[in-house]
1. Being open to solvent by 60 Å² or more (accessible area, probe 1.4 Å) and closer than 30 Å to Q384 by Cα narrows it down to one residue among E224, E220, E269; which is it?
2. If the Cβ limit is 9 Å and pairs must be 6+ apart or interchain, which residue in the range 447-458 that is among the basic types (K, R) pairs with which residue that is surrounded by fewer than 16 Cβ atoms within 10 Å (Cβ to Cβ)?
3. Has the range 249-257 got any residue that is part of a loop (DSSP other than H, G, I, E, B) and within 14 Å of T67 (Cα to Cα)?
4. Among the listed residues I37, I98, identify the single one that is assigned by the TED database to the domain that holds E14, in a helix (DSSP H, G or I) and open to solvent by less than 50 Å² (accessible area, probe 1.4 Å).
5. Here's a check for you: in the range 234-266, which residue that is open to solvent by less than 40 Å² (accessible area, probe 1.4 Å) and either assigned by the TED database to the domain that holds L76 or hydroxyl-bearing (S, T, Y) (or both) is nearest to the chain's Cα centre (by Cα)?
6. Those residues that are assigned to a helix (DSSP H, G or I), out of contact with any Asp or Glu (no Cβ under 8 Å at 6 or more places or on another chain) and farther than 19 Å from D143 by Cβ, I need them from the range 163-193; list them, please.
7. May I ask you to say which residue of E87, E107, E111 is in a helix (DSSP H, G or I), among the acidic types (D, E) and surrounded by 19 or more Cβ atoms within 10 Å (Cβ to Cβ)?
8. Scan the range 536-590 for residues that are in contact (Cβ under 8 Å) with a residue 40 or more places away in the chain, closer than 25 Å to S64 by Cβ and either open to solvent by 20 Å² or more (accessible area, probe 1.4 Å) or of a type in the set (K, R) (or both) and report the count.
Amino acid sequence: MVPLQKRDQFDNLEKHTQWGIEFVEKYTKFVKERSEIETSYAKQIRNLSKKYQPKKNSREEEESKYTFCRAFLTSLNELNDYAGQHEVIAENLTSQIISELSRYMQELKAERKSHFHDGRKAQQHIESSWKQLESCKRRFERDCKEADRAQQYFEKMDADINVTKADVEKARQQAQMRHQMAADSKSDYSSYLQKFNQEQNDHYYTIIPNIFQKLQDMEEKRIERIGVCMKTFADVDRQVLPIVGKCLDEMTKAAESIEPKTDSKQVVESYKSGFEPPGDVEFEDYGQPMKRTASDTSLSNPREGKEKPTGKTKGKLWPFIKNKNKSPKQHKEPLSHRLNDFMTSKPKMHCLRSLRRGITLNSHVRNLIEGSGPEDFSHLPPEQRRKKLQGKLDELNKDIQKEMDQRDALTKMKDVYVKNPQMGDPASVDPRLLEIGQNIEKLQFEVQKFEGWLAEVEERMPSKSDTHRRSGIYETQNNTTVSNNCAQDRESPDGSYTEEQNSETQVKANTHPIPTSSTPEFDDEFDDEETLPTIGTCKALYPFEGHNEGTISVAEGELLYVIEEDKGDGWTRVRRNEDEEGYVPTSYVEVFLETNAKDS
């Protein structure tokens, strides 16, 4: 029958639309797993970048003065931004596809259920009408047969002479009644047949086609929505490509900014010792006993210099000795006294291998190379000692300024707390202020101590004019004399040396470098920071514990993104990553604003 065939079509459509819903669910699951992969990948990249960031108070922070170290740090920061773009991909996949498909799935299921409910209801109605029509038809058929039998019985009774007239009349009335019932059944059957034909026509030409059309529209919308999501899936990646490309460009730019010659000069400046290379070793003629005996005190015996081939130049060096009252012909003193003078004051003999009979100063040189020695750097030559003391003073002054800046910042923060008690307790700042005051007093005491040593060194050193005069004589000496004797060729007034001499000797001490007295500021590499996806960047000058609501904790030297400038209340709004942001005292950070900052 036709109705059953239509019911089969509904069954097929129901299976197909159910498969369509399952496909949407499968695609949603696919996008969700992709989003999870992006999130995990971004987390691993961030952890990798954080793992290789320079640690506070470590050698890595000191090494940041080299261009290749700064380039690597820039690459790590850009890699962190690169990870942020993958987090953006995961967020957009979730908001633009997964959430949208989840809501659409509920609507699709409800719409599908409504359409099939209407279809089943129409199918049941037409089937019920069909059954009622069949019932009318059978009743009409039954009544016709009953009327025929009643007519035949009447005719039989009417032909039988033995039947009374009353029986014949009864049979005639029965036949008439049956004919009337058959006529009524025929009328009902005819009327209901017309009704059924009309309902069947509406069912197959109006109701069912409408339901099928709605199902078709529903399927087309579902397919269209899947297509839109697949396009969005690609667009989400495409949207971050410019920023990812910029991160990669910054990495390339950082790599191209590496300057090998600049880094090598840094090493030269850091490790030069101030000593000149030793000169030629003298020939000692052991075949002449008298001269060999005299050589035992050749270090202090001026007459031996006269016997040597280069004795004329040796005589010119005596005016440059600090104690000019001494004559080259004065009474010679023991060798141990001269060695003690060499160890405690200024090293006038720079050729360590020129001492007779294997007398060397290896222990003194080792102390210089390894950086060990007294606190006042008295083991160094005057010029090097002055540089070391001046460097130590500069370092102490920087520390004092840093402590004073921090004290000013804490004072300002205390004023903010006083004006706004909800931001914090003013009394909580007092212990730190007391500690900073004590630190400043200690540092000022150290400054006074080193200033005293520096003044002592500068008093002992010759004046600039005298130094220039002696340097000119010394330069003339070197130009006119063959370098055979390291004592006469390498010695300069009071053991001081020029920068060219220092750079010449740095190669000799590269296995045991002398540590530099000061370390460059770590934030130098961020002065040329490119624009970030914010209004700028900042560096934390001091640690800040953000215990109050709306604030964020930062560590000293940490780099952050600036979201909002100080509006005059003493607070700057910063962000560490996509979901960590808050306020820090403006005086605690150094802000670098960029006019062409990019959005994060």
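1. Criteria check complete, one pass: E269.
2. K449/E375
3. yes
4. Checking each option against the conditions leaves just I98.
5. Among those residues, the one meeting the criterion is C247.
6. Scanning the range 163-193 gives K165, A166, D167, E169, K170.
7. It is E87.
8. Total meeting the criteria: 10.
The values are calculated or read from the model by the stated rules, or taken from the named source; none is laboratory data. Just so it is clear, the structure is predicted and the values come from calculations on it, not from any experiment. Note that we place each Cβ from the backbone using ideal geometry, even for glycine, and neighbour counts take in every protein chain shown. To get the accessible areas, we keep the full protein, side chains included, count just its heavy atoms, and leave off ligands, DNA and RNA. Shrake-Rupley method; radii C 1.70, N 1.55, O 1.52, S 1.80 Å.
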